[in-house]
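Input: a single structure, listed below in structure tokens.
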């Protein structure tokens, strides 16, 4: 491997650690505030995005010492992340953000010993390699970053050791004599923040894009991984790529990416019912026309690697005074924080009034702003007498070919769906159904509990599993796809329910039986989007209609939901409607449903107190299973927190019938 190219993995690991640390920082803050559904002092953790400015005063005289200090901080913070509780994970990830971005800035003035500087070339290739590595880790973890869970914690330590070994081969330049403050540095560093935001928000975790669009997960993974690895190959084999591109072409490429990305999100936007009298909106799986913008987005997205090269080439060839970096870090950190809050407010618009209300239905906005400003900043960089960095490399060393091919092939293997359960339906006379509000796979103490939840599900082995608050594939939960994690580990069929674009908290269905005609029904809402998931399964010739519900809001919104449920299910012979109803048995909306369907718990325990003394009367019970009068119930169970590994009781029952 050519010695000068060993710096590419250094950039890749530093960028990967930044993405992982930033995602974990926001996730930890969100989980801690999720406990009280309001912003408090924990939200100040986002100030870690400004923290790299603390290193800047030392860049001039002690660049190499600062590099090793940041490495030590990053090595420890990132290595410990998988093993810490939520509060300590917030602190460690904050130090990871501080160290990773500080190291990234120092690397813009670093080079392998005895080599000429090629900062833009190396860093853009490192960014693409970081994306491909992140995609690999996400597919290996079935929707979670494998290296961020305890079982895969060794990966973080191993990558840190590799980073340390490679850093020892680098020379780091201090501030050049006569270096001057440059007003253009702020725009370049802002551009880098936006590039990292785009990678973090979407392309480092293909589940994000799959959940936007209900697109084919394996194909999306292949596209992102292949094009990222392709950019690394171009960076190594054809370093003269920028000779082909004029400022107009680069602007056009960026604009096409902006338009296709925005169109991808708008194609899946839902026109929510505006009034209580409005008809429900039914959303079925997307047609091929809706997938065209997605295809274009995947084809155009490598422009972000090109943009990174433009910004870093400018920084690398300019003798900037260290103090010139401070305005850019402050501006970039401020913009990044605004984008994070804008993204989160599209989902929690009913909780942070009055600011968040404006963001309802605007999930597309943060992505449009990131891509649009990147287009302008990249065009500006090319217009500023840009001179691309040349190198003599014109071929791909075999070691790199083996490395890149191995990453891609392993990623493809991990992205293939697991074998699904094969259930004999003939002569079946019962189903076990389970409703589980997973609270984004966190327990009642705000700690991750996905493994405990998976163990409980395995123990019960339900035929039908309805998950609420499962819509975690977004930056507020570090893009973790717990629905995919459960489905792949259990071998269940799954339907994610409302896509992340719609801003609900998720009503996913998992089943041992194939889910037929899955769709989502939206009703009027004034606090959270109310998306009810529907699907059918067929068992021994009988077609069961399954409803997974999670309404919330005013009494009016709840009544609208209840009437919708009754209206849509009235002609169905076998109905199972389960979920977190947010309704108690004395409320009008509950009584409407209870007047038509049978409550599983009450049908067996009229006193609402189980044989084991579990009291689910009065205020204690909002998670319900309702079934058609033609179906019978036995063995209903509630497991209360903390044993439920969430903040809700988990509820299941056996539904049975007689064969004719």
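Key figures
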| read-out | value |
| --- | --- |
| Paramagnetic reach from residue 460 (point 7 Å along Cα→Cβ, amide N under 11 Å) across region 404-438 | 432-438 |
| Likely footprinting exposure, 633, 560, fewest C-beta neighbours within 10 Å first | 633, 560 |
| Packing rank of 636-646, 405-415, where each peptide gets the mean count of other beta carbons within 10 Å, highest leading | 636-646, 405-415 |
| Over the chain: helical MRE at 222 nm, DSSP H runs n ≥ 4 each giving -39500 (n - 2.57), nearest 500 | -15000 deg cm²/dmol |
| Taking the chain and dividing mean pair separation by its residue count, relative contact order in percent (alpha carbons under 8 Å, at least six apart) | 16 |
| Least to most buried among 257, 656, 95, 561 (fewest other Cβ within 10 Å first) | 656, 95, 257, 561 |
| Inter-part distance where region 118-135 and region 394-471 are each reduced to a Cα centre, Å | 29 |
| In degrees, nearest ten, helix 63-80 long axis to first principal axis of the chain (Cα) | 20 |
| Mean Cα-pair separation over length for region 430-656, i.e. relative contact order, pairs under 8 Å, 6 or more apart, % | 22 |
| Three-way shape label, region 430-656, alpha-carbon gyration tensor, a/c 1.5 | rounded |
| Rounded to 10°, Cα long-axis angle of helix 153-167 versus longest principal axis of the chain | 10 |
| Packing-based order for 461-467, 326-332, 139-145, 16-22, using average beta carbon neighbours within 10 Å, highest first | 16-22, 461-467, 139-145, 326-332 |
| Within region 486-530: backbone nitrogen closer than 11 Å to the residue 425 label point (7 Å, Cα to C-beta) | 513-516 |
| FRET efficiency estimate (nearest 0.05) - Cβ-Cβ, residue 54 to residue 620, R0 56 angstrom | 0.65 |
| Rounded to 10°, Cα long-axis angle of helix 119-140 versus longest principal axis of the chain | 20 |
| Peptides ranked, highest mean first, by Cβ atoms within 10 Å: ranges 542-548, 530-536 | 530-536, 542-548 |
| Relative contact order of region 227-373, pairs being alpha-carbon contacts under 8 Å that are 6 or more residues apart, as % | 30 |
| Two-decimal ratio, the chain, of alpha-carbon radius of gyration to 2.2 N^0.38 Å | 1.01 |
| Gap separating the Cα centres of region 189-214 and region 581-611, nearest whole Å | 44 |
| Part-to-part distance (alpha-carbon centres) for region 236-298 and region 90-105, which is given in Å | 32 |
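Taken together, the values in this text are just the output of simple stated rules run on the coordinates, not laboratory data. Bear in mind that the values here come from a model prediction, so they are computed numbers and not experimental data. Reconstructed Cβ throughout: ideal geometry from the backbone, glycine too, with neighbour counts over all protein chains shown.
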